[in-house]
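The values are calculated or read from the model by the stated rules, or taken from the named source; none is laboratory data. Being a predicted model, the structure only gives us computed values, none of them experimental. So basically every Cβ, Gly included, is an ideal-geometry build from the backbone, and we count neighbours across all protein chains shown.
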Amino acid sequence: QECKLAAGDKSKVMFTHNLQAKFTLVELDASTGSLRLKIGKKGLNEKCAGAFPQQGSLLPDEHVPATPIQTALTEVVAGHLSGNLRSSVAALLNRVPPATPLQHHDESPPEAAIRIAHLMNGGCLVIQGPPGTGKTFTASQVITSLLTSGNKIGIASNSHKAVMNLLAACGDVAKVGGFQLHGIKVGGEANDPVLGSHPGVQYVPDAGQAQQVYANGVIGGTAWLFTRPEWEGALDFLFIDEAGQVALANAIAMARCAKNLVLLGDQMQLEQPVQGSHPGDAGLSALQYALKNLEASRPDSPVMHPVVPPDYGLFLGESRRMHPAVCRFISESMYEGRLSSHPDCARQKIVVSSGANSLITKESGIVFSGIEHDGNIQQSDEEVDRVTAIFRELHNRLYTAKDGLTRLLALDDFLFIAPYNAQVRALQAALPPGARVGSVDKFQGQEAPVCILSLCSSYGEYGSRGLAFILDRNRVNVAISRAQCLAVVVADPRIAGTAPGSLDDMMLINLFCKLTNSSTLK
C-alpha cells in the first residue's frame, strides 16, 4: 500500500497490540514491496525475544512529546486570566498592528519593515510575501539591521530547514555589510552546510543547553526551544517564518519569549501540514488568525484577507520570479490583482516548436493541456504520457532568462508536480533519472523555468478528498507560481463540467475554468 516512508526514516513495527520495536528503515523498494530494517542486537533481544516475528505493521516513528509547548500555553492562558499577558501575545490575539505608521509612499517594503521594527515597543508585525517577492530577503534585511543595534533575535518555524534558510540569508546580508553573523542554531542537522558557511553561528544539539551557550545575536530553533520556561522574556524579537503553516497555539506559546513578534509568510500558500478539529479560531494558523476577515467570516467558517490590509501589515507586491503572463493569473486569482511582476521577468521566454503537431505553442505564460480519461483517481497513465511528451518537446529548447542570457533547457529546468504520491511515482518511472518530481508540499520555495502540473483525476472520480484537494486554491497557487516562464496544466478538461454541490465547489470549478481558458490545446 502507499506510504511516505523512505530509506533512513525512523520507524517502528507493531507485531501485536503489546509488542512493538523501533527500527531504522535501510531500504524500501515500492515496486517489489520489499524492505530492509536495522535494529541493534540488544533491542532485538529486549523487544522481540531475539527473533523477528513473521508478521507486523511498519509505522513511522515521528512522535515528539509536546510537553514544553503545552506547559507554555497553559501558563500564557493563566497570565491572560490574571491580566498579565505579554504584549507580543496580546497584539497577536487582539490583531493590533504596530503603533507606528506603516509603509510610506516613498518607501520600499524592506525599508518600511526596517523602520517599523526599530520603532516597535511590544507588538506584532505581519509581512506577507507572495511567491517570488523576496520574503526571506526582506526578513534578513530587517533582522541584520536589528542585530547591529544590539537586539536579541529569535528565528522560528515548523521545520529546521526553514529556520536554516532564513539564517543563511541573514548571514549573507551580514557579509555584504562587512560583519559576521553571530548566534546559535538549536537542533536539526549538525553538519548543515549553512553552519560551515557562517562559522559565527554555533550548533547546539539540545534545547536544554541553549541558554547556557547563547549570549547575544541570533538564535534559531522550533517551538520545542522557544516555549521552554527559561526563554520567557529573553529576546527582543521573535521572527516566525512560514507563519501560515504554524499553528496559532504554537505561535502564542512561542511569542512569550520576546517583546516583539514578526509573522512572515503567505496565507494564500500552503496551510498547516497537520490539522485537528478545533472550535472557533483555535485551528487556524498564526497568519490565518491574524488576517481573518471578521466581517466576511461565519461561525466555524473563517474567511481570510487574501492581501494583508495596508493599515495592519506589509504586502510585498512585486514578484521577481514569474513572467507577467504567469503572474497575472496568480495575481487576479489569489491576490485581488495586487501582485505585479518585475519588468526583467518579461524577458523570460522559450523558443517553442512551430510544427503542426506541437503540444506547446506559447513561449511563456500558462498552458492548459487537456486529455480525457476515465476511472482514474490518484494516478493517470494518460497524463503521464502527455507530461513526458511535453517534456521531450521542450527539453533542449532555447530559453532566455530574466537577465537576458540564453541557454538550452536542461532536465533541472523542469518541475513536475502531482497531487498524489501514486502519480508522483508514475512520473518518476517515466521521466529521466534525476527529474524534479514531487507533490506541491515538496516544492514550496523552489522555482524553475518550466512547471508541469498533472491533476491526474478523471471527470467525476475525485476520491474521498474530492475536488477540494486537487483544486485547493492554495495548492494551485503554489504549483503554478513555481514557474518562472511557463506553467503547463495537464488535466481532464471535462472537470469543468462538474456539477457543484456547494458554493465552495463552485469556486473550485471556477478556478479550474480560469486555467482551461488560459490556453486550450487540442
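A residue that is within 27 Å of Thr227 (Cβ to Cβ) and at pLDDT below 70 occurs somewhere in the stretch 12-26. Taking the criterion of being among the aliphatic types (A, V, I, L, M) and not in a helix (DSSP H, G or I), the only residue of the stretch 456-479 that qualifies is Leu471.
The set of residues in the stretch 469-500 being under 21 Å from the mean Cα position of the chain (by Cα) and surrounded by fewer than 19 Cβ atoms within 10 Å (Cβ to Cβ) consists of Phe469, Arg473, Asn474.
Screening the stretch 440-468 for residues that are at pLDDT 95 or above and under 25 Å from Ala243 (Cα atoms) and picking the one that is surrounded by the most Cβ atoms within 10 Å (Cβ to Cβ) gives Ala448. Restricting attention to the stretch 311-347, the residues that are buried (at least 19 other Cβ atoms within 10 Å of the Cβ) and part of a strand (DSSP E or B) add up to 5. Cβ-Cβ contacts under 8 Å between residues 6 or more apart (or on different chains), taken from a first residue in the stretch 35-56 that is in the same structural domain as Thr24 (by TED's automatic domain parsing) to a second residue that is exposed (fewer than 12 other Cβ atoms within 10 Å of the Cβ) and assigned to a loop (DSSP other than H, G, I, E, B), are listed as Leu44/Gly50; Leu44/Ala51. Here Arg298 does not qualify as more than 20 Å from Gln444 (Cβ to Cβ), free of Cβ contacts under 8 Å to residues at least 60 places away in the same chain and not assigned by TED's automatic domain parsing to the domain that holds Pro131. Can you report the number of residues in the stretch 112-152 which are touching a Phe, Trp or Tyr at 6+ places or on another chain (Cβ under 9 Å) and farther than 22 Å from Asp311 by Cβ? Counting residues in the stretch 112-152 that are touching a Phe, Trp or Tyr at 6+ places or on another chain (Cβ under 9 Å) and farther than 22 Å from Asp311 by Cβ gives 7. Checking each residue in the stretch 348-383 for being surrounded by fewer than 16 Cβ atoms within 10 Å (Cβ to Cβ) and not β-branched (Val, Ile, Thr) picks out Ser353, Ser354, Gly355, Ala356, Asn357, Ser358, Glu372, Asp374, Gly375, Asp381. Every listed requirement among (1) surrounded by fewer than 19 Cβ atoms within 10 Å (Cβ to Cβ); (2) in contact with a strand residue (DSSP E or B) (Cβ under 9 Å, 6 or more places away or on another chain); (3) outside any loop (DSSP other than H, G, I, E, B) is met by Gly196 save one, (2). Among the residues of the stretch 273-310, those identified as assigned to a strand (DSSP E or B) and within 22 Å of the chain's Cα centre (by Cα) are Ser285, Lys292, Met304. Considering Gln378, Gln348, the condition of being touching a Cys at 6+ places or on another chain (Cβ under 7 Å), under 22 Å from His323 (Cα atoms) and assigned by TED's automatic domain parsing to the domain that holds Lys402 is satisfied by Gln348 alone. Which of the residues belonging to the stretch 81-105 are more than 22 Å from Val246 (Cα to Cα), among the aliphatic types (A, V, I, L, M) and either without any contact (Cβ under 8 Å) to a residue 60 or more places away in the chain or surrounded by fewer than 16 Cβ atoms within 10 Å (Cβ to Cβ) (or both)? Hits for the stretch 81-105 are Leu81, Ala99. Determine, yes or no, whether Tyr399 is among the hydroxyl-bearing types (Ser, Thr, Tyr), within 24 Å of Met507 (Cα to Cα), crowded, with 20+ Cβ neighbours inside 10 Å and not assigned by TED's automatic domain parsing to the domain that holds Ser31. Considered against the rule, which asks whether it is among the hydroxyl-bearing types (Ser, Thr, Tyr), within 24 Å of Met507 (Cα to Cα), crowded, with 20+ Cβ neighbours inside 10 Å and not assigned by TED's automatic domain parsing to the domain that holds Ser31, Tyr399 comes out as no.
The rows are residues; the columns are (1) modelled with pLDDT under 95; (2) out of contact with any Ser or Thr (no Cβ under 7 Å at 6 or more places or on another chain); (3) not assigned by TED's automatic domain parsing to the domain that holds Gly445.
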site: Asn94; (1), (2), (3): no, yes, yes
site: Thr100; (1), (2), (3): yes, yes, yes
site: Asp106; (1), (2), (3): yes, yes, yes
site: Pro109; (1), (2), (3): yes, no, yes
site: Ala112; (1), (2), (3): no, yes, yes
site: Leu119; (1), (2), (3): no, no, yes
site: Phe137; (1), (2), (3): no, yes, yes
site: Gln141; (1), (2), (3): no, yes, yes
site: Ser145; (1), (2), (3): no, yes, yes
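Scanning the stretch 210-234 for residues that are touching a residue at least 12 places away in the same chain (Cβ under 8 Å) and either surrounded by fewer than 21 Cβ atoms within 10 Å (Cβ to Cβ) or basic (Lys, Arg) (or both) yields a count of 12. Name every residue in the stretch 47-80 that is surrounded by 12 or more Cβ atoms within 10 Å (Cβ to Cβ) and over 20 Å from Ala253 (Cβ atoms), in order of residue number. Lys47, Cys48, Phe52, Pro53, Gly56, Leu58, Leu59, Pro60, Asp61, listed by residue number.
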